Amino acid sequence: MATTTETKPAPSSGASGAAAAGDHLEIKDSRTGKTYNIPITDETIRTSDLKQIKVKDDDFGLMGYDPAFMNTASCRSKITFIDGDKGILRYRGYPIEQLAEKATFLEVAWLLRHGELPTQEEYNLWVRDVTYHTYVHENIKQFMEGFRYDAHPMSMLTAGVAALSTFYPTAKNVYDEREREIAFVRLLAKMPTIAAFVYRHVKGLPYVNPDNSLPYTENYLSMIARMSEPKYEAHPVYARAIDVLFILHADHEQNCSTNAVRAVGSSHVDPYSAVAGGIAALYGPLHGGANEAVLRMLEEIGHPSKIPAFIEAVKSGKGEQRLMGFGHRVYKSYDPRARIVKKLCDDVLKIAGMTKDMEIAVELERIALSDEYFIKRKLYPNVDFYTGLIYRAMHFPTDYFTVLFAIARTAGWLAQWEEMLLDKEQKIARPRQIYTGNGERPYKSTLNYTHTIKK
Ligand code: ACO
């Protein structure tokens, strides 16, 4: 608790152990003339320390107002570090560039959860467990068949993952370590299977069961592409590209969907339901849906000669039209993932062939990066600017792109969900509001409640 110099002249120890003599923020309330010392820890004040600042004893106390969490830390986390100004991204201290070059996605998923790289024995067991659990209950197939032919892949994925919770009712015992362990394994294992069923549903093709003789990403690609051949072998460049993209998308600290998973999970609901909430958040065009939006934008532009007019429309559009794949809440320099993705894109296009979309994207990036509007606002390509091009080169349908993102982010969502559960400071997420509606007024209805149906 912070101290006020009037009510308690000697500084208290404060919630974090900081004393008024230590780092603190001195606040003078002009309404009362009182001065308060709010401890500063990790360059942060606790907004609950503001609650003691009141005019009258029965006031609620001062709140912080921060729509969209622009400057509010909602947790302490050891998982992912980002320095948006310097373009740094690290998982558990390891630079993303090194992980993308050398690690596998499953190794990264282990790292995100456990905080350390797995030993060989741990890794082998982990891969075995995840591989063993790739099959889903046959009823999931029937469930997926219930969707219309043109259902959006992300809606199907959200529903499919939420449906998984009905098959594992004991997963709601979120403080049972064994339950959490098996939920990690099952979700990571079954996400590619459900994602592949979604793909096959869109294409009107029969579902392909996992081939557990294959590694994680190859197995997923087999469920996507296998037809009558007894065994499907993905092109190694494509398989590695997908695995690297899974690594790059595995976690990104408190982004919109991770925040959703933490918030939903804070009610102690089962992890399948919490992850389904994350998938729904990821679906939006300002978040994971951006890679889909980038491709639609490139289609709309249609030719490099039309880029200047498009850029002008973005600049004069008062925010209605954005350059999709550009800008980030955290990165105010080049997104480090975007560099890696651009290189991957080159590798994939060497095999798939250069596309018109890629020509437009390269030229669009060049023009935007030299334009005062984007420079001034520190708008650089984000991870999604080039991912869509890779997915398109590999013939994934445009509205399916975000599903690939969701497979990867499952690793981060789960690690963050468990960290939230085990954090003694966390409670059910429940923000405050500033009420701006009507004052009390008497109820007076003018409705006629007779039930009549107009023929
Ligand atoms: N194109 C044009 N202008 C932009 C763009 C863009 N892509 N992004 C931001 N701006 C402008 C805004 O209009 C605003 O300008 P103003 O100061 O003149 O009003 C300024 O830059 C700041 O923008 P904000 O919206 O305040 O930035 P915020 O941090 O809220 O938004 C976001 C970040 C949502 C990512 C935004 O940059 C955006 O919409 N980008 C396009 C969508 C996209 O690529 N999303 C993927 C993000 S990465 C991910 O989720 C994996």
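The values are calculated or read from the model by the stated rules, or taken from the named source; none is laboratory data. Since the model is a prediction, treat every value here as computed from it, not as a measurement. FYI the Cβ positions are ideal-geometry reconstructions off the backbone, even for glycines, and counts take in every protein chain you see. With ligands, DNA and RNA removed, areas are computed over all heavy atoms of the protein, side chains included. Shrake-Rupley method; radii C 1.70, N 1.55, O 1.52, S 1.80 Å.
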Condition first: away from the ligand (no atom under 12 Å from the Cβ) and hydrophobic (A, V, I, L, M, F, W, C). Now tell me which residues in segment 251-288 satisfy that.
Ala260, Val261, Ala263, Val264, Val269, Ala274, Val275, Ala276, Ile279, Ala280
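Taking the options Leu422, Leu364, name whichever one is more than 17 Å from the chain's Cα centre (by Cα), more than 14 Å from the ligand (Cβ to nearest atom) and either more than 30 Å from Glu179 (Cα to Cα) or modelled with pLDDT of 90 or more (or both). Outline the logic, then answer.
Working: Leu364 fails: more than 14 Å from the ligand (Cβ to nearest atom).
Answer to the selection: Leu422.
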Failed criterion for Val161 (all others in (1) in contact (Cβ under 8 Å) with a residue 40 or more places away in the chain; (2) assigned to a helix (DSSP H, G or I); (3) farther than 22 Å from Arg262 by Cβ hold):
(3)
If you scan segment 71-101, which residues turn out to be part of a helix (DSSP H, G or I) and open to solvent by 40 Å² or more (accessible area, probe 1.4 Å)?
Glu97, Gln98, Glu101
Filter segment 301-337 for residues that are open to solvent by 20 Å² or more (accessible area, probe 1.4 Å) and in contact with an Asp or Glu (Cβ under 7 Å, 6 or more places away or on another chain); which is farthest from Ala103 (Cα to Cα)?
Pro304
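Which members of segment 56-70 meet the condition of being part of a loop (DSSP other than H, G, I, E, B), out of contact with any helix residue (DSSP H, G or I) (no Cβ under 6 Å at 6 or more places or on another chain) and open to solvent by less than 70 Å² (accessible area, probe 1.4 Å)? Give the steps one after another, and end with the answer.
Of the residues in segment 56-70, the ones part of a loop (DSSP other than H, G, I, E, B) are 56-66, 70.
So of that shortlist, the ones also out of contact with any helix residue (DSSP H, G or I) (no Cβ under 6 Å at 6 or more places or on another chain) come out as 56-60, 63, 65-66, 70.
Result: Asp59, Asp66.
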For the condition open to solvent by 10 Å² or more (accessible area, probe 1.4 Å) and touching a residue at least 40 places away in the same chain (Cβ under 8 Å), what is the one hit in Ile360, Ile340, Ile375, Ile390?
Ile340
Unique residue being of a type outside the set (Phe, Trp, Tyr), more than 20 Å from the chain's Cα centre (by Cα) and surrounded by 15 or more Cβ atoms within 10 Å (Cβ to Cβ) when the list is Val174, Val161
Val174
Residue that is nearest to the ligand (Cβ to nearest atom) [pool: residues in segment 289-300 that are open to solvent by less than 30 Å² (accessible area, probe 1.4 Å), part of a helix (DSSP H, G or I) and not aliphatic (A, V, I, L, M)]
Asn291
